[in-house]
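Have a look at the structure below before the remarks.
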Amino acid sequence: MSGGAQRYVPTNAIKSAVAGHEIHVLDALGISWRIGRPHIHCPYPTHTDEHASWRWDERRVRAFCSCITGAHDIFNVVAAVERLDFSATKVRVAELLGRPDLIIHTMGVHSPQEAHARVHARRTVLKGSGVLDRKQGQSVQACTREPAVP
Ligand SMILES: [Zn+2]
């Protein structure tokens, strides 16, 4: 996805901001990890979980599931749940944490959609000019002169 390029979150800033607050991100995503014993049904759209296979390990600060090779950190979880690339995931984590101050807006616009709309509008503005419609054969000369005074 290239649409998120206009919003940027520095990796170090978001990593230190989310440290110790991972469960807030899980809660904000609506993942009911607390009801697991310890597993819940996998929240990833790519995994049709017949059994409850996914769990969040608070001590290790990682997620485990039969669909995961190794473990997922909080960024991996957000990326998997919302199908985002890493750049967009950092922005999403900042939003979920309630830290919009970490999001840097570039190009002076507030959303990728707005940036796209502006560029698109600029491209199409000159395309619609039609052929000039001329009247032909009518050469009307209006006489505006006053009669000459002798
Ligand atoms: Zn899974």
Checklist outcome for this item: Label model pair residue 60, residue 99: point-to-point distance (7 angstrom along the Cα→beta-carbon line) in nm is 2.4
Next on the checklist: If I model a spin label at residue 11 and residue 86 as a point 7 Å from the Cα along the Cα→Cβ vector, what separation in nanometres do I get?
Outcome noted: 0.4
Next on the checklist: What does the extension gain come out to for residue 107 and residue 24, with contour length at 0.36 nm per residue minus their alpha carbon separation?
Outcome noted: 26.8 nm
Checklist entry - What area, in nm² and to one decimal, does the C-alpha convex hull of the stretch 10-72 cast on average over all directions? => result 4.9
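Read the figures in this text as sums done on the coordinates, not as results from a lab. Keep in mind it's a predicted model, so treat the numbers as computed, not measured. Reconstructed Cβ throughout: ideal geometry from the backbone, glycine too, with neighbour counts over all protein chains shown.
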